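Down below is the structure, laid out as structure tokens.
The values are calculated or read from the model by the stated rules, or taken from the named source; none is laboratory data. Quantities reported herein were computed from a predicted structural model and do not represent experimental measurements. Please note: Cβ atoms are built from the backbone with ideal geometry, for glycine as well, and neighbour counts cover all protein chains shown. Just the protein is used for accessible areas: all its heavy atoms, side chains included, with ligands, DNA and RNA removed. Shrake-Rupley method; radii C 1.70, N 1.55, O 1.52, S 1.80 Å.
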Amino acid sequence: MDYNFNEIEKRWQHYWAKNKTFATGIDASKPKFYVLDMFPYPSGAGLHVGHPLGYIASDIYSRYKRLKGFNVLHPMGYDAFGLPAEQYAIQTGQHPKKTTEENIARYRSQLDRIGFSFDWDREVRTCDPHYYKWTQWAFLKMFAHWYNNKTDKAEPITELIKIFEREGNINVDAACSDVKSFTAQEWNSFSEREKSDILMNYRIAYLGETTVNWCPDLGSVLANDEVKEGLSVRGGYPVEQKKMKQWQLRVSAYAGRLLNDLDSLEWSDALKEMQKNWIGKSYGAEMVFQMENPNPATILESDINATADGPREYNVKIFTTRADTVFGVTFMVLAPESDWVELLTTKEQKQAVEEYIAEIKKKTERERIAQTHKVTGVFSGSYAVNPFTGEKVPVWISEYVLSGYGTGAIMAVPAHDSRDYAFAKHFNLKIVPLIEGCDVSEESFDAKDGVMCNSGFLNGKTVKEAIPLAIEEVEKRGIGSRKVNYRLRDATFSRQRYWGEPFPIYYKDGIPTPLDESELPLELPVIETFKPTSTGEPPLAHATNWNKEGYPYELSTMPGFAGSSAYYLRYMDPHNEEALVSREADEYWRNVDLYVGGTEHATGHLIYSRFWNKFLYDLGYVVEKEPFKKLVNQGMIQGRSNFVYRIKGSNTFVSAGLKDKYDTTEIHVDVNIVYNDRLDIEAFKKWQPEFQTADFILEDGEYICGWAVEKMSKSMYNVVNPDSICAQYGADTLRLYEMFLGPVEMSKPWDTKGIDGVHRFLKKFWRLFFTGKDGEFFLSDEKATPQELKVLHKLINKVDTDIQAFSYNTSVSAFMIAVNELGALGCNKKDILIPMVILLSPFAPHICEELWNLAGNTESITYATFPEYKEEYTIENSFEYPVSFNGKVRFKLNLPNQLSQEEALEAVMASDQTAKWLDGKSIRKIIVVPGRIINVVI
RNA sequence: GCCAGGGUGGUGGAAUUGGUAGACACGCAGGACUUAAAAUCCUGUGGGCAGAAAUGCCUGUACGGGUUCGAUUCCCGUCCCUGGUACCA
């Protein structure tokens, strides 16, 4: 009987769906295992062969774990809110809901064809109100909590109010935006609006004014991880910096815990490193620089008088990691967006400063990055006093100081910081070297190395000694303190878009007011136009009745990462209307044991999700501190493009080997009409009308195409659809081939030509079972020979260890070797082949299910047991000969084949080399490798 | 610039702790079966030299050094590639 994969795969996929073979429930009698894929955004283009790579790897792991007796949770869903559907809606007028549903249907049919063992009863969609109810719920919780630095966790804001009423905010140590201190008495006398404004500074989800990434083309703000090199990650539009009032999440409060808990995770070092850099912890000190006698004459009158909310702080606080260099501070620099700019600009400099700031505002982020090494800046007119030298130093304003990091102001030490150096050289400022023997005539000396000089009490100390001493002195003088700083910033949580979760917030007399939990979900209203209004308001302003009892709802929606931050929890209990996840389900499934997905989420989703989980942990809703225990990053599958070469000004195409003899243009050609880089000329002529009359210059009667590795995309004509591979070779072949291509973590180009090899393997495997009369299914009951047992048990061991190490490509090779060996032995024994079927079933489930069934099993192979490895069957024809240890020299000898243990020892002892190296020492170990090499360890 | 990870045949890629480099597969070449094609099977396949052949020898894991009886593996230097980051004080 032939291997009819199309028929087999269709039949078993139907069987699995009908019997809910992969449905999972809580089962206390079995250990749990949670395998999760990063759920896809269902784009209009559908899946190409690159997308399922990670899904196949995790599916193999899931099926393997089931065979090992685990209760495996392996769900799938859709990250269905997002920009592309909305951009498409703006262009075509199609409602995003409709296109999203169509795309999901297409994804589902493509996924189903590959034979995944997902529990589809647990599917989630982020755009479903039953789902986003819980996204909104988490937002309300964040709104109703603040971060207490003393207990290092989130606590209810109602408790904070009680503290304020009792003792004001003097003893409160919170992660918060800048707040003035107040007494209990003052608090109690504040108006509702004032109280609301103050509390907003403490909330974990808060409305606050900051510099945001504004993308005019998308009409929305973006989070830091959604911007790369000054362009939006989605769409590649330019981004600029803008000060705006936006919803934000106080992720920065969790920076320390996000960093520390990385140690407990089984993630790749590269990924942990990325998160560490993104969080960016640095140790240093904060220090206040007195402004030189804030001389009222040099300060603008308006600022002096603008003291309605208390005394304004003219003195500038800075952050530095090099407190030891304070004797070398010859000027200070403020970020252009800093509040101090307005305060410290003198009348004389006002015009120059305003011009400079206007200039900066005009630049996009991209332009700023491109001109990184161009020095710009302006003098504010004010001076500060160096607290250690007493010297008067000018205060400058420059874009090289960032408002979002530290305090938005720096002390500049040109001798020992390359940026300060460039600035000092450009504006002719003083440079004072502080390290003995360093040469700062050409460049700064940035290394934390050497012995201090020109530094008062620090003279003679090394840099490493000087840093803590300087900080100590700063603290003693009461002008600053030790400080840990993080690069991680709060996440911008508003998007001026339609296709996202609405905020459960309305504005009562302008005060942001949360809905009650019982009012959730607040459903997204249906609208017709998706563009901003003529007054520049977000699309939700088009909605009628978008208000609560006349008070308007928030017009922004939540960003893409909102819905994906807790989806792994929802899968545990997807139909629960009372809770995000029940306590029972959470305590059983706990967290994700294996998470598979791309590195592109390193600084976005994987930070937000960890933050979200920790927040819910603080509130007692989840039991684990971390959501994803082990994480594997699958590599990207790139496209392999083919080219033809047209001679310029003609319709003649020249084969790749001869193209250098002509002046040609390189043209992408559809990879689906190229086989082994040979062009199907007839198909090419039909491909596009302009090629109908094409002529060809061939080599050896064939047209050879050129090739290159590029991104898989329609415009390069290199997209390979998994559906067509399934139709031609079957899903099992596709699964095996994707694994066989190379390690899961590695990026590699897709090249269909190698697929025949694994397909051939499956056919050979199939044939082992059809040895009866007329090629019918037949397995012998005969006992297996030692040789056959060795083949099997070597394979069991290899597959077992390989799967755990995620080394699927070598596993597939091991299967090929085993099948070739069994084929050569003519083995058709039940003892051997039935365990083989079980072993292969995670990789190629359809064919194995079929063979398992033909062998008389009525239950799915999913419920079979992984065969047990017995070492005694696999002992190699080699031995170790242990002798007493007396040294560590190892060497090898060439000896004839087929020596017994005694003969080998004898030969070793008789050899000249042994005599040479032995030299009074004794032999520790002799290793005979099959063949003729002997290692002798002395 | 900084951080991380890489560089092995024509191609994708193997190689426990340093121990037969190139498993497995593609491709290619030759052969068998077939009227023919497809399918299937067999043989060869890093480079070089010698030999009629079995075979033998030399060389070879980006480049240059080092440690070692022995290095794809460890150390130092150089070049190149990929990913992350981009004035983070």
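Out of A:Ala154, A:Ala175, A:Ala184, A:Ala144, I need the residue that is more than 27 Å from A:Gln246 (Cα to Cα), open to solvent by less than 70 Å² (accessible area, probe 1.4 Å) and among the hydrophobic types (A, V, I, L, M, F, W, C). Which one?
Step by step, each of A:Ala154, A:Ala175, A:Ala184, A:Ala144 is checked, and only A:Ala184 is more than 27 Å from A:Gln246 (Cα to Cα), open to solvent by less than 70 Å² (accessible area, probe 1.4 Å) and among the hydrophobic types (A, V, I, L, M, F, W, C).
Search the stretch A:368-397 for residues that are within 13 Å of RNA strand B (Cβ to nearest atom) and pair each with any residue that is β-branched (Val, Ile, Thr) and open to solvent by less than 60 Å² (accessible area, probe 1.4 Å) when their beta-carbon atoms are under 6 Å apart and the residues are at least 6 apart or on different chains.
Filtered contacts from the stretch A:368-397: A:Trp396/A:Val333; A:Ile397/A:Val341; A:Ile397/A:Val378.
Can you tell me how many residues within the stretch A:44-53 are over 21 Å from A:Tyr64 (Cα atoms) and open to solvent by less than 40 Å² (accessible area, probe 1.4 Å)?
5
Could you please let me know if A:Lys68 is of a type outside the set (Gly, Ala, Ser), within 23 Å of A:Ser565 (Cα to Cα) and open to solvent by 30 Å² or more (accessible area, probe 1.4 Å)?
In short, no.
Can you tell me which of A:Gly460, A:Gly437, A:Gly450 is modelled with pLDDT of 90 or more, open to solvent by 10 Å² or more (accessible area, probe 1.4 Å), more than 9 Å from RNA strand B (Cβ to nearest atom) and not β-branched (Val, Ile, Thr)?
A:Gly460
So A:Tyr717 clears everything in (1) within 16 Å of RNA strand B (Cβ to nearest atom); (2) surrounded by 16 or more Cβ atoms within 10 Å (Cβ to Cβ); (3) more than 30 Å from A:Tyr869 (Cβ to Cβ) except one condition, right? Which one?
(1)
Looking at (1) more than 30 Å from A:Asn651 (Cα to Cα); (2) within 16 Å of RNA strand B (Cβ to nearest atom); (3) in contact with a Gly (Cβ under 8 Å, 6 or more places away or on another chain), find the lone condition where A:Ala731 falls short.
Single failed check for A:Ala731: (2).
Given the residues A:Asp490, A:Asp439, A:Asp446, which is the only one that is of a type outside the set (A, V, I, L, M) and touching a Leu at 6+ places or on another chain (Cβ under 8 Å)?
Matching residue, one of A:Asp490, A:Asp439, A:Asp446: A:Asp490.
Only one of A:Tyr421, A:Tyr383 is surrounded by 16 or more Cβ atoms within 10 Å (Cβ to Cβ), modelled with pLDDT of 90 or more, touching an Asp or Glu at 6+ places or on another chain (Cβ under 6 Å) and not aliphatic (A, V, I, L, M). Can you tell me which?
Testing whether each residue is surrounded by 16 or more Cβ atoms within 10 Å (Cβ to Cβ), modelled with pLDDT of 90 or more, touching an Asp or Glu at 6+ places or on another chain (Cβ under 6 Å) and not aliphatic (A, V, I, L, M) leaves just A:Tyr383.
Return yes or no: is A:Asp27 closer than 30 Å to A:Glu584 by Cα, acidic (Asp, Glu), part of a loop (DSSP other than H, G, I, E, B) and open to solvent by 10 Å² or more (accessible area, probe 1.4 Å)?
In short, yes.
May I ask you to list the residues in the stretch A:808-852 that are within 20 Å of A:Phe770 (Cβ to Cβ), surrounded by fewer than 17 Cβ atoms within 10 Å (Cβ to Cβ) and small (Gly, Ala, Ser)?
Across the stretch A:808-852, the qualifying residues are A:Gly823, A:Ala824, A:Gly826.
Are there any pairs, at least 6 apart or on different chains, whose C-beta atoms fall under 6 Å, with the first in the stretch A:742-764 and farther than 17 Å from A:Asn676 by Cα and near RNA strand B (Cβ under 6 Å from one of its atoms) and the second open to solvent by less than 30 Å² (accessible area, probe 1.4 Å) and basic (Lys, Arg), and if so, which?
Cβ pairs passing all conditions: A:Gly742/A:Lys748.
Among the numbered conditions (1) surrounded by 15 or more Cβ atoms within 10 Å (Cβ to Cβ); (2) free of Cβ contacts under 8 Å to residues at least 40 places away in the same chain, tell me where A:Glu501 comes up short.
Going through (1) surrounded by 15 or more Cβ atoms within 10 Å (Cβ to Cβ); (2) free of Cβ contacts under 8 Å to residues at least 40 places away in the same chain one by one, A:Glu501 breaks only (2).
Residue by residue, here is whether (1) of a type in the set (Phe, Trp, Tyr); (2) assigned to a helix (DSSP H, G or I); (3) more than 30 Å from A:Phe843 (Cβ to Cβ); (4) out of contact with any Gly (no Cβ under 7 Å at 6 or more places or on another chain) holds:
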position	(1), (2), (3), (4)
A:Pro75	no, no, no, yes
A:Ala80	no, no, yes, yes
A:Lys98	no, yes, yes, yes
A:Glu101	no, yes, yes, yes
A:Ala105	no, yes, no, yes
A:Gly115	no, no, no, yes
A:Phe118	yes, no, no, yes
A:Tyr131	yes, yes, yes, yes
A:Ala138	no, yes, yes, yes
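In the stretch A:765-782, how many are more than 12 Å from RNA strand B (Cβ to nearest atom), outside any loop (DSSP other than H, G, I, E, B) and open to solvent by less than 90 Å² (accessible area, probe 1.4 Å)?
Qualifying residue count, the stretch A:765-782: 3.
Go through (1) open to solvent by less than 20 Å² (accessible area, probe 1.4 Å); (2) under 25 Å from A:Glu240 (Cβ atoms) and name the single condition A:Tyr202 misses.
Going through (1) open to solvent by less than 20 Å² (accessible area, probe 1.4 Å); (2) under 25 Å from A:Glu240 (Cβ atoms) one by one, A:Tyr202 breaks only (2).
How many of the residues in the stretch A:622-666 are among the aliphatic types (A, V, I, L, M), open to solvent by 10 Å² or more (accessible area, probe 1.4 Å) and over 23 Å from the mean Cα position of the chain (by Cα)?
Residues that pass the stated criteria total 4.
Take the stretch A:507-562 and flag every residue that is free of Cβ contacts under 8 Å to residues at least 24 places away in the same chain, part of a loop (DSSP other than H, G, I, E, B) and buried (at least 16 other Cβ atoms within 10 Å of the Cβ).
A:Ala543, A:Trp546
I'm checking my understanding of the structure. Among residues of the stretch A:1-24 that are acidic (Asp, Glu) and not in a loop (DSSP other than H, G, I, E, B), which one is most open to solvent (accessible area, probe 1.4 Å)?
Looking at residues that are acidic (Asp, Glu) and not in a loop (DSSP other than H, G, I, E, B), I get A:Glu7.
Looking at (1) open to solvent by less than 40 Å² (accessible area, probe 1.4 Å); (2) within 12 Å of RNA strand B (Cβ to nearest atom); (3) more than 16 Å from A:Lys242 (Cα to Cα), can you tell me which one A:Ile360 breaks?
Answer for A:Ile360: the failing condition is (3).
Inside the stretch A:809-831, can you point out the residues that are in contact with a helix residue (DSSP H, G or I) (Cβ under 7 Å, 6 or more places away or on another chain), touching a residue at least 60 places away in the same chain (Cβ under 8 Å), within 30 Å of A:Met746 (Cα to Cα) and polar (S, T, N, Q)?
Within the stretch A:809-831, A:Asn809, A:Ser811 meet the criteria.
Of these, A:Ala855, A:Ala805, which one is within 13 Å of RNA strand B (Cβ to nearest atom), surrounded by fewer than 23 Cβ atoms within 10 Å (Cβ to Cβ) and not acidic (Asp, Glu)?
Of the residues listed, the single one that is within 13 Å of RNA strand B (Cβ to nearest atom), surrounded by fewer than 23 Cβ atoms within 10 Å (Cβ to Cβ) and not acidic (Asp, Glu) is A:Ala805.
When you check A:Glu738 against the structure, is it open to solvent by less than 20 Å² (accessible area, probe 1.4 Å), more than 10 Å from RNA strand B (Cβ to nearest atom), in contact (Cβ under 8 Å) with a residue 60 or more places away in the chain and part of a helix (DSSP H, G or I), yes or no?
yes
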